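Working notes, structure below.
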Amino acid sequence: MIKQPIGIFDSGYGGLTILKDMVETLPQYDYLYLGDNARAPYGTKDFQTVYEYTLQSVKWFFDQGCSLVILACNTASAKALRTIQQNDLPNIDINKRVLGVIRPTSEIIGTFSKTKHIGVLGTSGTVQSNSYVIEIAKFFPDIKVTQEASPEWVALVETNQCESPEADHYVQMHISQLLKKDSEIDTILLGCTHYPLLINTIQQYTPTNISIISQGKIIANSLQEYLNRHPQIEYNCSKNGSRDFFTTGDPVDFNNHASLFYGEQIAANQVVLP
Ligand code: DGL
């Protein structure tokens, strides 16, 4: 088998915040990034649509030769991952792997909380799926999880309004609504890959005794452990330190905007999905 890059998928820009931490933790691997910017946001779309779009993207990675694809998108992980793993992969290729971000985050998030009250902020799709409530309960049955959908936050990030009166308004609104639902929360999980871009505003409206947790480092560490546990999959990953970026949207827009998420200049190519 020819060694191939690790595929990183997101509905748009958000997965770049995850990729950034992966590259920092595991710089030796090659990474292929695809953002489905033309069809984002996923957070407001129904189950079937998110599943179909995600499956098309996963197949595109497989066509590029990737054996391992990470859905670096909470909404896709919540709505498409299980069906792809259980129904599609056995028919496509049993040697391919698709992983998500909800399970690895749920495995560790409980260790951050002393009060055993955790708040999860995510898209409407992620919150409605209840995935975090279900998954965290498997690892930390005594922890109370309270969710708050913050759908406007993705749009604020996608339209470059992280520091704006609108960002102040919607961040303050959702943080206070979350804390009103459960005043004992001492840990807030940013359960959407876009949200770390709003961290300054989020910190401004969150009491200082509450920890705010982003997923990047968690997912990067979990990938490292996964590759240690699966030497055959690790063996199939190419290691030249290359990063290639693709978008279904306009590559010029992508390049202009992506550096905000990734921290350095990107030169993306366009891809057309069926
Ligand atoms: N990247 C998605 C997530 O982590 C949010 C963006 C969207 O709604 O497409 O949930």
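The values are calculated or read from the model by the stated rules, or taken from the named source; none is laboratory data. Everything quoted here is computed from the prediction, not taken from an experiment. Cβ atoms come from the backbone with ideal geometry, glycine included; neighbour counts cover every protein chain shown. Areas reflect the complete protein model, heavy atoms only, side chains present, ligands, DNA and RNA absent. Shrake-Rupley method; radii C 1.70, N 1.55, O 1.52, S 1.80 Å.
Per DSSP H run of n ≥ 4, the term is -39500 (n - 2.57); total these for the chain, divide by its residue number, and report the mean residue ellipticity at 222 nm rounded to 500 deg cm²/dmol. Intermediate values should be presented prior to the final figure.
Working: 13 runs with 123 residues, N = 274.
Taking each H run of at least 4 residues, the total per residue is -13000 deg cm²/dmol.
Lysines within cross-link reach of K3: Cα-Cα under 24 Å, excluding same-chain residues under 8 positions apart?
K20, K59, K96, K239
Restricting to Cα pairs below 8 Å that are 6+ residues apart, what does the relative contact order work out to for the stretch 85-148? Please round to a whole percent.
It rounds to 35 percent for the stretch 85-148.
Under a 10 Å cutoff between Cα atoms, tell me which one of H174, H117, H230 has the largest fluctuation in the Gaussian network model of the chain.
Comparing H174, H117, H230 in the GNM, the peak value goes to H230.
For the stretch 231-247, in order, what is each residue's ³J(HN,Hα) by Karplus, 6.51 cos²θ - 1.76 cosθ + 1.60 with θ = phi - 60°, in whole Hz (x at glycine and Pro)?
Per residue, the Karplus-derived 3J(HN,Hα) values read x, 5, 5, 4, 4, 6, 8, 6, 9, 10, x, 8, 10, 10, 10, 10, 9 Hz.
At 1.4 Å probe size, with every protein chain present, just tell me what the per residue accessible area of the stretch 191-266 comes to in Å².
Using a 1.4 Å probe on heavy atoms only, each residue of the stretch 191-266 averages 48 Å².
Please report the Cα spread of the stretch 32-174 along all three principal axes, rounded to whole Å, starting with the longest.
45, 38, 25
Given the Cα-Cα distance of E234 and A267 and 0.36 nm per residue of separation, how much length would full extension add, in nm?
9.2 nm
Going 7 Å from the Cα of T111 in the Cα-to-Cβ direction, what parts of the stretch 118-149 have a backbone nitrogen less than 16 Å from that spot?
136, 139-141
For the pair S183 and N221, how long in nm is the line joining their label points, each one 7 Å along Cα→Cβ?
My value for the distance between the label points is 3.2 nm.
Defining a contact as two alpha carbons under 8 Å apart and six or more residues distant in sequence, what relative contact order in percent does the chain show?
28
Arrange the residues E152, E264 by how much accessible surface each exposes, largest first, with a 1.4 angstrom probe.
E264, E152
Name the residue, out of Q177, Q161, Q86, whose mean-square fluctuation peaks in a Gaussian network model built on the chain with Cα pairs under 10 Å.
Largest GNM mean-square fluctuation: Q86.
Mind checking the full-extension length gain between D253 and Q86? Use 0.36 nm per residue of separation minus the Cα-Cα distance, one decimal, nm.
Working: separation 167, 0.36 × 167 = 60.12 nm, distance 3.55 nm.
Gain on stretching D253 to Q86: 56.6 nm.
Restricting attention to the stretch 54-86, which chymotrypsin sites (Phe, Trp or Tyr not before Pro) occupy a DSSP loop and are surrounded by at most 13 other Cβ atoms within 10 Å?
Here no loop site has a sparse enough neighbourhood.
What distance in nm separates the two pseudo spin-label positions at A137 and Q48, each 7 Å out from Cα along the beta-carbon direction?
Going by the 7 Å Cα→Cβ label model, 2.8 nm.
State the answer as a single residue: which of I218, Q232, G191 lies farthest towards the positive end of the charge dipole of the stretch 147-274, with beta carbon charges of +1 for Lys and Arg and -1 for Asp and Glu, about the Cα centre.
Most positive-ward Cα: Q232.
Determine the relative contact order of the stretch 12-87: mean sequence separation of Cα pairs under 8 Å and six or more apart, normalised by residue count, in whole percent.
Contact order relative to length: 37 percent.
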